[in-house]
Amino acid sequence: MFFKLFSKMKSKKHDLSEYYTTDIHSHLIPAIDDGVKTFDESISIIKEMHSLGYKRIITTPHIMSHRFPNTKETITKGYNKVKEELIKQNIDIIFDMAAEYYYDEHFIELVRAKDLLTFGDNYVLFELSYTTKPFGIEQVIYELLSAGYKPVLAHPERYSYYSSDFNKYDALKDLGLLFQINLNSLNSFYGKKPKKAAEYLVDNQLVDFVGSDIHAMRYFDSLKSFTQSNKLKEVFEKNQIKNDFI
């Protein structure tokens, strides 16, 4: 009897669809940035995400002029290949694309040209340097909002100059910036400091979006483990998460 009960507990389905079904941050187009390297890897991860409960994935390759100088064209080309393979293999998941922009001069130029890849209701995902505090971010947020964009800062918990002073998060929020945390930050995947910052953002109801930020299978393995804790429930109880309302 005990063996049967133990086996049943071990076989518990990992399913996060009770909370949300749309992922807005991942790197699943092969060989285009520091994400997945092959189509097999991409498809395997997408299958696993589907089995976990995801019904829609918005993949977001880096656009970073000094390292990953992607364009709408290069992203669309890779995206179409992945989508064709998903259709071919009859994988029932919605696969969309946007981008994760790096805050640099090129990004500012694209903002002013109103030439950004967005998701949902004109949301724009962008990231900052992990170690160097950005100059002029207040002005760029204003320009994004004035142009009709809704700026979303990727993984704010991972920027050392913010995670060392939590009051700075509140100041950014006051400017109209939305926050997307990586769920794996709450699983200590990136270390203790990002975890502490992510917990602050969750506890203070500052989180707007959650993301997997999957680059490889080990990211998914950590995410799957996280779904077995009570922390996911806590994120959604304390915050108004917009993933499924875009």
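Any residue in the stretch 136-159 that's on the phi > 0 side of the Ramachandran plot: show its pairings with residues that are surrounded by 19 or more Cβ atoms within 10 Å (Cβ to Cβ) and of a type in the set (S, T, N, Q) at Cβ separation under 7 Å, as long as the two are six or more apart or on different chains. Partner pairs satisfying both residue conditions: HIS155/GLN180; HIS155/ASN182; HIS155/SER185.
Conditions tested, residue by residue: (1) closer than 30 Å to GLN240 by Cβ; (2) in contact (Cβ under 8 Å) with a residue 24 or more places away in the chain; (3) of a type in the set (D, E, K, R).
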{"position": "ILE43", "(1), (2), (3)": "no, yes, no"}
{"position": "GLU48", "(1), (2), (3)": "yes, yes, yes"}
{"position": "TYR54", "(1), (2), (3)": "yes, yes, no"}
{"position": "LYS114", "(1), (2), (3)": "yes, yes, yes"}
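In the stretch 140-170, how many are in contact with a helix residue (DSSP H, G or I) (Cβ under 9 Å, 6 or more places away or on another chain) and either within 20 Å of GLU234 (Cα to Cα) or of a type outside the set (Asp, Glu) (or both)? Looking only at that region, the number is 21. The helices (runs of 4 or more DSSP H) falling completely within the stretch 15-120 that include 3 or more residues that are at pLDDT 95 or above, farther than 30 Å from PHE236 by Cα and open to solvent by less than 50 Å² (accessible area, probe 1.4 Å) map to 72-88, 105-112. Checking LYS173, LYS168 one by one, the residue that is in a helix (DSSP H, G or I), within 23 Å of TYR101 (Cα to Cα) and in contact with a Phe, Trp or Tyr (Cβ under 6 Å, 6 or more places away or on another chain) is LYS168 and no other. Going by the conditions given, is ARG112 farther than 18 Å from ILE29 by Cα and charged (D, E, K, R)? When the stated conditions are applied, ARG112 passes them. When each of SER185, SER225 is tested for being more than 15 Å from the chain's Cα centre (by Cα), in a helix (DSSP H, G or I) and without any contact (Cβ under 8 Å) to a residue 60 or more places away in the chain, the lone residue that passes is SER225.
Within the option set SER17, SER44, SER26, being under 15 Å from the mean Cα position of the chain (by Cα), of a type in the set (S, T, N, Q) and closer than 17 Å to SER212 by Cβ holds for one residue only, SER26.
The values are calculated or read from the model by the stated rules, or taken from the named source; none is laboratory data. Note that this is a predicted model, so its numbers are computed, not measured. Backbone-built Cβ (ideal geometry, glycine too); neighbour counts: all protein chains shown. Only protein heavy atoms, including side chains, enter the accessible area calculation; ligands, DNA and RNA are left aside. Shrake-Rupley method; radii C 1.70, N 1.55, O 1.52, S 1.80 Å.
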